[in-house]
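The values are calculated or read from the model by the stated rules, or taken from the named source; none is laboratory data. The model shown is predicted, which means the values in this text are computed figures rather than measured ones. Cβ placement follows ideal geometry from the backbone for every residue including glycine, while neighbour counts extend to all protein chains displayed.
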Amino acid sequence: MDAFSTVPREFEFAFQAPLDPYTHTKVFVCREQEFDIAGYPEEEGEGETGHGFEVEEGYMYWVGLPIGLKIGKFRQEIGLYNRWHSHALMEVDRPLPSVAFLGDGLTQAGASIALPTLSLGPGTQTLTVELTRGSNEALFEDGNEISFLGNFQSFWDLGPSSYVQFAATGVYGENDDESLASRLLEFDIAYRWRPAGRAMYRDFTLKGEWYFAEKDFGVAEYTGNGGTLQANLRLSRRWIVGARADYLDGYGDGAEIIQVVPSLTWWQTEWVFLRLQYNYLKPDGGEANHTVLLQTVWAVGPHKHETY
């Protein structure tokens, strides 16, 4: 069935300020509305109207400590894009596997501790531990028990114009009322090339991630996995081309799903850009689905298009 619609996907207000010489705060208040992509499982593409403004993130963090310490509600340190807000993504939508396993994102209340960075030659290694209330519906069924996250990142400079980063993350949480235990493993790699002195005109990124999920429901057990491969190339100061491939297995009715997403971005300035995107989505044994999306994003003030 052919359909046309327009959706004000997100309005976001960002506030950040130092509280005193030792602590800073960031607060992001937003109103989001889901939009349809043909063929998405119901849980991911319901297209419902948002429920007013809410605090997407609100946290304080300390500066000048040997560790990184953050307390409040925040997007957790997992995957390539969970920390990124919607306006900063390289496509209109989030990758299919991350939506399947994390919903709108692993955003929970608690504490985050980043241990001191260890330097090994041109590389740096960072370990982050987070304890939060397991309120994520996609992962914990709103269990609200304590959840644990451990993230290891290894960053390597390859020269003045390029770097590579590897990361691995594990998440565990329980819901005693539903006899539910959830476990999630994630691995990712990212490469970026930005020629020194010409970063505004040339930029290439290649990224990939893979998720493994397992949920126990007493007598039943659910397992699934999926991954994403993404590439983006800045052709000039204004034009960016990109492509993303998603694979998902064992989610919902258990069918395998593949999605291919090419995109073209007109980067007018750091405050305004437009994006044209095509989504090809096909479940195993099902019909192919096609969606064309046109997105415009604008920002006011110093917030710009930061990823956070």
Give me a count of the residues in the range 105-127 that are over 29 Å from S162 (Cβ atoms) and of a type in the set (S, T, Y).
1
Number of positions in the range 107-128 that are touching a Gly at 6+ places or on another chain (Cβ under 8 Å) and either modelled with pLDDT under 95 or among the acidic types (D, E) (or both)
0
Is it fair to say T205 is β-branched (V, I, T), surrounded by fewer than 20 Cβ atoms within 10 Å (Cβ to Cβ) and at pLDDT below 95?
no
Here the residues within the range 19-39 that are in contact with a Pro (Cβ under 9 Å, 6 or more places away or on another chain) and at pLDDT below 95 are R31, Q33, G39
Looking at the structure I just gave you, is R192 of a type in the set (K, R), in contact with a strand residue (DSSP E or B) (Cβ under 6 Å, 6 or more places away or on another chain), closer than 17 Å to L80 by Cβ and surrounded by fewer than 19 Cβ atoms within 10 Å (Cβ to Cβ)?
yes
Within the bounds of the range 209-231, is there any residue that is exposed (fewer than 15 other Cβ atoms within 10 Å of the Cβ), of a type in the set (D, E, K, R) and at pLDDT 95 or above?
no
Just need a number here: residues in the range 188-229 that are hydroxyl-bearing (S, T, Y) and at positive phi.
0
